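*Asks:* This is the structure I want to talk about, given as structure tokens.
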Amino acid sequence: MSGQGKKVVDVAFKAGKNIDWDGMAKLLVSEEARKEFATLRRAFDEVNTTLQTKFSQEPEPINWDYYRKNIGSRLVDMYKEAYESIEVPKFVDTVTPKYKPKFDELLVEFKEAEEKSFKESERLEKEIAEVQELKKKISTMTADEYFEKHPELKKKFDDEIRNDYWGY
């Protein structure tokens, strides 16, 4: 196989090895998302298999002598000459250099958003735990115990009482 084609196959193969399919599958919530994800994975595997089998092999060399015996040397020589004169142009990637910086920027943004998301998720988990704890204790909690956890509300109520503002 030509050098560039082999590189494409190698990159695709390595990309397939580095994808954490199980980790991504665990993040899916709905059944529809799981079905779509399974379809995506099957399609990726099919393309990867095709790349591994079809495009990773060198084509079999042409047995010119066989054709000379069965067809005639003059015609076969003409085809051989035409075949050998074919020059397959080398692929020059002009697109990747343009989009690589943009992709790298997006990766940085993604990492920042991911960190932000994890922090927000952690904050919300703590808030949920506090609300659940409050829900358990609310029936037996005194106002002083509540104000101890929420001093800003105590200050607000004290200010309203001090200023004779009773809400009407």
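The values are calculated or read from the model by the stated rules, or taken from the named source; none is laboratory data. Since the model is a prediction, treat every value here as computed from it, not as a measurement. Because the Cβ atoms are built from the backbone with ideal geometry, glycine has one as well, and the counts that use them run over all protein chains shown. Protein only, heavy atoms only, side chains kept; ligands, DNA and RNA dropped before computing areas. Shrake-Rupley method; radii C 1.70, N 1.55, O 1.52, S 1.80 Å.
*Asks:* Scanning the chain for helices, which whole DSSP H stretches are 27 Å or more long along the axis (Cα) and average -1.0 or more by Kyte-Doolittle?
*Replies:* Working: long enough: 31-53 (33 Å, -0.95); 96-137 (60 Å, -1.33).
Qualifying helices, which must be both long enough and hydrophobic enough, are 31-53.
*Asks:* Pulled fully out, how much extra length does the chain show between Tyr165 and Lys126, if you take 0.36 nm times their separation in residues and subtract their Cα-Cα distance?
*Replies:* Numbers: separation 39, 0.36 × 39 = 14.04 nm, distance 3.40 nm.
Gain on extension, Tyr165 to Lys126, equals 10.6 nm.
*Asks:* Give, in nm to one decimal, the length gained when the segment between Phe157 and Phe37 is fully stretched (0.36 nm per residue of separation minus the Cα-Cα distance). Please report the intermediate quantities before stating the final value.
*Replies:* Values: separation 120, 0.36 × 120 = 43.20 nm, distance 5.31 nm.
Length gained, Phe157 through Phe37: 37.9 nm.
*Asks:* Also, I was wondering about something else. Got a number for carbon plus sulfur as a percent of the chain's accessible area, 1.4 Å probe? Could you put the intermediate results ahead of the total?
*Replies:* Numbers: 8900 of 15420 Å².
Of all accessible area on the chain, carbon and sulfur atoms account for 58 percent.
*Asks:* Still on this structure: Determine the per residue accessible area of the chain with all protein chains present and a 1.4 angstrom probe, expressed in square angstrom.
*Replies:* On the way: 15420 Å² over 168 residues.
With all protein chains present, the chain gives 92 Å² per residue.
*Asks:* While we're here: Using a 1.4 angstrom probe with every protein chain in place, what is the largest-first accessible-area order of Met78, Met24, Met141? Before the final figure, lay out each step's value.
*Replies:* Values: Met78 115, Met24 80, Met141 40 Å².
Greatest to least solvent exposure: Met78, Met24, Met141.
*Asks:* Moving on to the next point. Hey, how many Å between the Cα centroid of segment 103-125 and the Cα centroid of segment 24-48?
*Replies:* Centre-to-centre (Cα) distance: 23 Å.
*Asks:* Counting helices only, and only those DSSP H runs with n ≥ 4, report the 222 nm mean residue ellipticity of the chain as the sum of -39,500 (n - 2.57) divided by its residues, in deg cm²/dmol to the nearest 500. Present the calculation step by step, with values, prior to reporting the outcome.
*Replies:* Values: 8 runs with 126 residues, N = 168.
Taking each H run of at least 4 residues, the total per residue is -25000 deg cm²/dmol.
*Asks:* Have a look at Leu40, Phe103, Phe118 and report the one farthest towards the positive end of the charge dipole of the chain, computed about the Cα centre with Cβ charges (Lys/Arg +1, Asp/Glu -1).
*Replies:* Comparing the listed Cα positions along the dipole, Leu40 ranks first.
*Asks:* A further question follows. Given Cβ point charges of +1 (Lys, Arg) and -1 (Asp, Glu) and nothing else, what value in debye, to the nearest 20, does the dipole of the chain about its Cα centre take?
*Replies:* On the way: 31 positive and 36 negative charges, 162 e Å.
Result for the chain is approximately 780 debye, rounded to the nearest 20.
*Asks:* Rank-order 144-150, 109-115, 91-97 by packing density, defined as the average count of other C-beta atoms within 10 Å over each peptide's residues, highest first.
*Replies:* Details: 144-150: 11.7, 109-115: 10.0, 91-97: 8.3.
Ranking the peptides 144-150, 109-115, 91-97 by packing returns 144-150, 109-115, 91-97.
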